[in-house]
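The values are calculated or read from the model by the stated rules, or taken from the named source; none is laboratory data. Note that the coordinates shown come from a computational prediction; the quantities given were computed from them, not determined experimentally. Because the Cβ atoms are built from the backbone with ideal geometry, glycine has one as well, and the counts that use them run over all protein chains shown.
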Amino acid sequence: MTVKALIGKFAADLGDGKLSPWGNDFVKNKGEGRIFLLHGAPGVGKTCTAECVAELTNRPLISLTSGDLSVDSFNVEANLSYFLELGQRYGALVLLDEADIYLERRRSKDITRNGLVSVFLRALEYYRGVLFLTTNRVQSFDTAFLSRIHVALHYKSLTHEDCERIWTHNFDRLSRDSNGLIHVSGAARDFVWDSQDVRSLKWNGREIRNAMQTALALAENEAHEENLERVTITEKHLRAVVKMSRGFRDYIKTAVPLEGFEKTLNDSDEE
């Protein structure tokens, strides 16, 4: 509730032009924006927060990634200026998802990296709207950004109780949006809540959604083959998804030792 009040008030006031009477900066048009840093593990609700705030304040959301901005300092400056001006013009919230590459600390011998970070710092300084930045690697944060961030929110990894609520929300939404044509069996619900196989995977919110979509595809295919009007997601479908996910993770650990990825999986298994 505190987070909702804080972000909602900042976003709404800025959109109405009601800036605080407390001077933002001695330099005109500088430091008048509101920058929110959302950091934490993948799939715990960072991006969803920005989407919810946009809905809460009835404002459009411009969602960006590094693919929209480039990683070349010259192109980043031009592209970032374009999107930020667009946000100011239409009173939109701007979300830069996975902003790690622009937030990493500068290095004495890396001129390209330093130029990229400097361009981004300058853009934040003069932006007058609401900007959300999400990152998974706050440990590599450049300290110069600390004074540019108005609110930093840390998102903890999901607990088993959190996962149960996400599963329940997905089940209920599926039934509601399909007008009852898609049903989740009681055994399927019990399986995702109680199964050690599911818990051991430690799925985040995005992975739970993906698992639901895959289980639904299996159930829809089965209903089509049997000429059934109603689609039922059963324990069998979810077990198949769990088996595929576990098999892929085991393969990644042994055959594709990507930097940092294997450690992430091992840390997840040890929690």
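A few notes on this one:
- Lone qualifier among PHE132, PHE141 - being within 23 Å of GLU51 (Cα to Cα) and of a type in the set (Phe, Trp, Tyr): PHE132
- Any chance ILE149 is β-branched (Val, Ile, Thr), in the same structural domain as LEU216 (by TED's automatic domain parsing) and under 19 Å from the mean Cα position of the chain (by Cα): no
Here is a yes/no grid of residues against (1) exposed (fewer than 13 other Cβ atoms within 10 Å of the Cβ); (2) in the same structural domain as VAL94 (by TED's automatic domain parsing); (3) of a type in the set (Val, Ile, Thr); (4) within 15 Å of LEU38 (Cβ to Cβ):
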position: GLU125; (1), (2), (3), (4): no, yes, no, no
position: LEU131; (1), (2), (3), (4): no, yes, no, yes
position: PHE145; (1), (2), (3), (4): no, yes, no, yes
position: THR168; (1), (2), (3), (4): no, no, yes, no
position: ARG173; (1), (2), (3), (4): yes, no, no, no
position: ARG189; (1), (2), (3), (4): no, no, no, no
position: TRP193; (1), (2), (3), (4): no, no, no, no
position: ASP197; (1), (2), (3), (4): no, no, no, no
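- Tabulated pairs, the range 225-247, first assigned by TED's automatic domain parsing to the domain that holds ALA188, second among the charged types (D, E, K, R) and surrounded by 12 or more Cβ atoms within 10 Å (Cβ to Cβ), C-beta under 7 angstrom, 6+ apart or interchain: VAL231/GLU220; VAL242/ASP197
- Just one residue in the set ASN179, ASN136, ASN210, ASN221 is at pLDDT below 95 and outside the structural domain of GLY43 (by TED's automatic domain parsing); that residue is ASN179.
- Residue list for the range 48-78, restricted to those being within 18 Å of ARG122 (Cα to Cα) and assigned to a helix (DSSP H, G or I): SER66, LEU69, SER73, PHE74, ASN75, VAL76, GLU77, ALA78
- Close Cβ contacts (under 9 Å, 6 or more residues apart or on different chains) running from residues in the range 50-66 that are in the same structural domain as ARG34 (by TED's automatic domain parsing) to residues that are part of a strand (DSSP E or B) and modelled with pLDDT under 90 comprise VAL53/VAL130; THR57/VAL130; ARG59/VAL130.
- Candidate set from the range 139-164 (those that are out of contact with any Phe, Trp or Tyr (no Cβ under 9 Å at 6 or more places or on another chain), among the charged types (D, E, K, R) and at pLDDT 90 or above); member that is nearest to LEU61 (Cα to Cα): LYS156
- Residue count, the range 188-199 (criterion: farther than 18 Å from THR214 by Cβ and out of contact with any His (no Cβ under 7 Å at 6 or more places or on another chain)): 4
- Test: residue in the range 184-199 that is within 16 Å of CYS163 (Cα to Cα), assigned to a helix (DSSP H, G or I) and β-branched (Val, Ile, Thr): yes
- SER118 being touching an Asp or Glu at 6+ places or on another chain (Cβ under 6 Å), surrounded by fewer than 16 Cβ atoms within 10 Å (Cβ to Cβ), in the same structural domain as THR47 (by TED's automatic domain parsing) and not aliphatic (A, V, I, L, M): no
- Selection status of SER70, under 30 Å from GLU207 (Cβ atoms) and at pLDDT below 90: yes
- Tabulated pairs, the range 74-93, first in contact (Cβ under 8 Å) with a residue 12 or more places away in the chain, second of a type in the set (Lys, Arg) and assigned to a helix (DSSP H, G or I), C-beta under 9 angstrom, 6+ apart or interchain: GLU77/ARG122
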